[in-house]
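Worksheet for the structure shown next.
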Amino acid sequence: MPAVDSRPVPSVVRMIGLPKLRPRTRRQITRGAIGCAAILLAWQLSVPLVDLPAYFYPAPLDVIDAFFELMRKGILPAYVADSMGRFAAGTLIGATLGLFFGVLIGLSRTASRLLSPLISFLFAVVEMAWIPLFVLWWGYGIKTILVALTYVVFFPVLYNTILGVRTVPAVLVNATRSLGASRWQVIWMVVLPAAIPNILTGLRTGAGFAFRGLIFAEIIAAKSGVGYLIFEGATTQQTDRTIVGMLAMGFLWLFIEYLYIRPFERATVGRWGMLTEQRGDS
Amino acid sequence: MTDLVQNLRRHPLSVPAITTTFVAVLWLAYAAFGWAHGAPFLDRLGAGPKGEPIALRVDLPFPPEAFHLTYFQRVGRIARTDGQTIYLRGVDRRTAGAIARQYWIKDITLWTEKAS
């Protein structure tokens, strides 16, 4: 008789390496789900009571119908892909520029004197004021949206990088120089690692601003994207579609924050003891 | 080996890595579905001289919306729409493949203006 393998069969979750949820996290998810379900139920029950037209006050079931209709017609996947592509590209370009100029201004007094007034001036002119001009220059579409998102992300990353670079303890820089490190080695091995908590704060703030800016830019300068869906739904009295767009934005941000930003923070500043997790916030 | 897997799982960046892999697999599955969905239409369209524009009759399972008309305007010139059917001119053969891969397309046939 062949020997029987008595070891327990590994679950799919274990096989693909997903982290097992802690009981506390599981409880929090359950409570969150119950809260959401209660709100949805109250919303659905309130619809016949208030007796308003569906375009004015759609029921959750109308919203679910609109979601499936948008999926069936291929509209929602295309718009989500467009929005996420724009968000990723805009954040990447804005963060790169903000990091470069932040390090430059933070380290060089000359660059600071030359660029600071201009940057302070541009910081005061919000991206919404620029968008009509961007549309004039680059027309409706990807270029205008990318420039607007880059503009939004640039400033938080820039100011936080400057702060991070300028608050690097002088003793660390002096100690490295006294050991014979070159200027580039000091920047690469001391200044940038020490400024990472500030840079990450800037990135997180910039990414959040970019997500909000994306909606505004898509409303004005695009013919696709989740922002456009929200706007188009409102103008064509398809309020259920507007709500689908709003929910999509919310869930996309949750997706980005919980599956990318927070783990990245835990892997860097959290690991180095520079991040304090708030109680009840996990 | 098990230790390596355990360590990778415990690494804080395992969640973004798994998420990215999952999204990539999902995207590949979507692309594969598109290929499978579009293959019969493309077989029916047959091969032709490259670079020569063709005219297509595209059937949708629903009346086209602004999104669909915008899409078709990007891939060709809309001659007219009739209910759930769109007649396109000046479509590149390679672009016809991209149209066929859209899962919301019901049917694609070559269109000759005289016949309709």
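A few notes on this one:
- Protection proxy ranking of A:64-73, A:209-218, A:116-125 - average other beta-carbon atoms within 10 Å, highest first: A:209-218, A:64-73, A:116-125
- P(r) weight above 20 Å for the range A:108-191, C-alpha pairs, percent: 53 percent
- Pairs of Lys residues in the protein assembly as shown are counted when their Cα atoms are under 27 angstrom apart and they lie 8 or more places apart or on different chains; the count is 8.
- When the convex hull of its Cα atoms is viewed from all sides, the range A:131-241 shows a mean projected area of 8.9 nm².
- Globularity index of the protein assembly as shown is 1.24 (Cα radius of gyration / 2.2 N^0.38 Å, N = number of residues).
- A:TYR260 sits among other residues whose Cβ lies under 13 Å from its own Cβ, and their net charge, with Lys and Arg +1 and Asp and Glu -1, is +1.
- Angle in degrees between helix B:66-75 and the longest Cα principal axis of chain B, rounded to the nearest 10: 80 degrees
- Between A:THR205 and A:ILE34, the distance separating the two model label sites (each 7 Å from Cα on the Cα→Cβ line) works out to 3.8 nm.
- In plain terms, the residue of A:ILE199, A:ILE145, B:ILE105, A:ILE39 with the fewest other Cβ atoms within 10 Å comes first and the most crowded comes last, giving A:ILE39, B:ILE105, A:ILE199, A:ILE145.
- Largest GNM mean-square fluctuation across A:PRO48, A:PRO132, A:PRO77, computed for chain A with C-alpha springs under 10 Å, falls on A:PRO48.
- A:GLN238 sits among other residues whose Cβ lies under 14 Å from its own Cβ, and their net charge, with Lys and Arg +1 and Asp and Glu -1, is -4.
- Chymotrypsin sites (Phe, Trp or Tyr not before Pro) restricted to DSSP loop in the range B:68-116 with at most 16 other C-beta within 10 Å: B:TYR103
- Here B:ARG44 and B:THR70 are evaluated by their C-beta separation; at R0 = 25 Å the FRET efficiency comes out at 0.45.
- Legend: calculated FRET efficiency, A:LEU118 to A:THR167, from the Cβ-Cβ distance at R0 = 30 Å, rounded to 0.05, equals 0.85.
- Where trypsin sites (Lys or Arg not before Pro) fall in DSSP loop in the range B:36-116, at most 10 other Cβ within 10 Å: B:LYS50, B:LYS114
- With neighbour counts taken as other beta-carbon atoms within 10 Å, the residues A:ASP240, A:ASP51, A:ASP62 rank, fewest first, as A:ASP51, A:ASP62, A:ASP240.
- Relative intensity, log₁₀ I(q)/I(0), of chain B from a Debye sum that treats every alpha carbon as a point, q = 0.22 Å⁻¹: -1.23
- Between the beta carbons of A:ALA42 and A:PHE251, assuming R0 = 30 Å, the FRET efficiency works out to 0.90 to the nearest 0.05.
Read-outs throughout are calculated quantities, based only on the coordinates presented, and are distinct from any laboratory measurement. Keep in mind the model is a prediction, meaning the values are calculated, not measured. Ideal geometry is used to build each Cβ from the backbone, glycine not excepted, and the neighbour counts take in all protein chains shown.
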